[in-house]
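What follows is a single structure, written as structure tokens, with notes after it.
The values are calculated or read from the model by the stated rules, or taken from the named source; none is laboratory data. Remember, predicted model here, so these are calculated numbers, not experimental data. Glycine gets a Cβ as well: all are built from the backbone with ideal geometry, and neighbour counts include every protein chain shown. Calculation scope for accessible area: heavy atoms of the full protein, side chains included, ligands and nucleic acids excluded. Shrake-Rupley method; radii C 1.70, N 1.55, O 1.52, S 1.80 Å.
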Amino acid sequence: MSENAQRDMVHEIVMSAQITDMHTHLFPPSFKSLQMSGADNVLTYHYLIAESMRVGRISYESFFSMDLKAQAEFIWERLFQTITPLSEAASGVAQIAQMMGVHLRRDGLSGLREALTADADDAYVDKVLSLAGVEHLVMTNDPFSDEEQSYWKSGAPLHPRFHAALRLDPLVNTFEDVIPLLVKQGYSVTSRLTDETVSQVRRFLEDCVERIHPLYVAFSASDTFEFGEEDSGSQLLRRVVLPLCEERRLPLALMIGAKRRVNPGLQSAGDSTGKASIQPVERLCREYPNNKFLVSLLSRENQHELAVTARKFDNLMPFGCWWFLNTESLIDEITRMRLELLGPTFVAQHSDARVLEHVLYKWQLSRKVIADVLSDKYEALSKRGWPVTRADVERDVAALFGKNFWDFVAR
């Protein structure tokens, strides 16, 4: 097979692959107040809020006092009329428009609003996910949100492409803050981690697992995350979360490196990134060999350490290029490095999408970059005397875009 033919084959297989998007913030239409779609939600993504503030001057208070429609129009004017939309997030809007049949430069914001549905139903969700090639996706489910839990408790139907993940950030990071919420729900807990409090927290998590049937348990942590002995987060991990995960055969997903509100005026758009220590991950994998850990680190500088650590622990699965790493140059760099150290034994990407239509541009970008990387690697392997077959490529692509995840979370 010629190099050009092989490259075409790799691109065709990658671009047509059916994907499991194993970490998103999406909800099905049945979770009506939480489901986000439509042009105004696409444009008011926190990436674009922060970027728009760099174009001209406006106070944060003035921006956040606007309603959603006015915010979207402000961002449209700043990022698409005043400057050229070259950033990954801004050009992603153009990609969304193109895939939904809109000529964005000609049709403008009104054309985007007409093509994208703010009040999505199952048919619209299926249309968008099918265009993106997303067969399954995993939500982020907050057991401390009364709004969300009302849908679970009412038996709201779950779209068949949507799967749950139990997110425990407040429990692990700020236990004091969730005590009133747990007490309100009928769990007898105090700030002291007595045997009774530990037992009640365990009962709470058992009830959550029974209610939503998550594929994994997860929490995000700052760049200063430590897995020690005395702090409440580490104790809850040791005494409650990790034993529950082992017993229920639920992987624990850790997303480490977020620095919250470095610019408080930007609200959720003001979060940033910091380099974290890999030692807590090593310790978790070493001390809990019967647990499985899905891990994504936010800092570029942490990526090599994570891949090397995954070589040492088969209960560690690196996944995706999270948040600020979800750009063309960094997806390329990280995927190449992981293939060189791990072969095709990691989860290549996730979208982290907060708005339904974001899966369109995020997966279109990732597919193209990963196809280029794989093409280069297969070409180099062929030159070393190992001809690559279509079956090889199909197997590897299926693994990177879904099978590795499903095998890892298998009960």
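Shown here are the Rg and Dmax of the Cα trace of region 21-74, at 13.3, 40 Å.
Here the convex hull built on the C-alpha positions of region 159-276 has a volume of 141 cubic angstrom per residue. Computed on protein heavy atoms with a 1.4 Å probe, the accessible areas place W406, W323, W386 in the order W386, W406, W323, largest first. For the pair H11 and D126, a Förster radius of 22 Å applied to the C-beta separation gives a FRET efficiency near 0.30, rounded to the nearest 0.05.
What is the dipole size for the chain, taken about its Cα centre, with +1 at each Lys and Arg Cβ and -1 at each Asp and Glu Cβ, in debye to the nearest 20?
That gives the chain a dipole magnitude of about 420 debye.
Using a probe of 1.4 Å on the protein chains alone, the accessible area found for S87 is around 40 Å². For the pair A391 and T224, label points projected 7 Å from Cα toward Cβ lie 5.5 nm apart.
Starting from the residue with the highest accessible area, list M139, M53 in decreasing order, probe 1.4 Å. If you can, show how the numbers build up before the last one.
Numbers: M139 0, M53 25 Å².
From most accessible down to least: M53, M139.
For T273, what residues show an amide H to amide H distance below 5 Å, using hydrogens built from the backbone and excluding near sequence neighbours? HN-HN under 5 Å from T273: K259.
Binning all Cα-Cα separations of region 1-149 at 5 Å, short to long from zero, yields these whole-percent fractions: 2, 8, 15, 17, 18, 16, 12, 7, 4, 2, 1, 0, 0.
Residues M99, M1, ordered by accessible area of protein heavy atoms at a 1.4 angstrom probe radius and largest first, appear as M1, M99. Summary of the geometry: region 222-246 and region 57-119, compared by the centres of their Cα atoms, lie 41 Å apart. Based on protein heavy atoms only, region 10-82 ends up with 42 Å² per residue of surface accessible to a 1.4 Å probe.
Please label the shape of region 284-385 as rounded, prolate or oblate, based on the square roots a ≥ b ≥ c of the eigenvalues of the alpha-carbon gyration tensor (a/c under 1.5 means rounded; beyond that, a/b larger than b/c means prolate, else oblate).
Verdict is oblate for region 284-385.
The accessible area of D119, taken with all protein chains in place and a 1.4 Å probe, comes to roughly 100 Å².
Applying both filters, DSSP loop and at most 12 other Cβ atoms within 10 Å, to the trypsin sites (Lys or Arg not before Pro) of region 177-248 gives R192.
Note on R367: accessible area approximately 10 square angstrom, rounded to 10, probe 1.4 Å, nucleic acids and ligands left out. Quick check of the Kirkwood formula: for region 210-272, what is the inverse mean of 1/r over all pairs of different Cα atoms, in Å? Mean inverse Cα-Cα distance, inverted, gives 13.5 Å.
If you look at the Cα atoms of region 334-396, you get an Rg and a Dmax of 13.7, 45 Å. In the chain, the portion of solvent-accessible area held by carbon and sulfur atoms comes to 50 percent [1.4 Å probe, whole percent, DNA, RNA and ligands not counted]. Ordered from longest to shortest, the equivalent ellipsoid semi-axes for region 199-348 are 26, 20, 15 Å, each the square root of 5 times a Cα gyration tensor eigenvalue.
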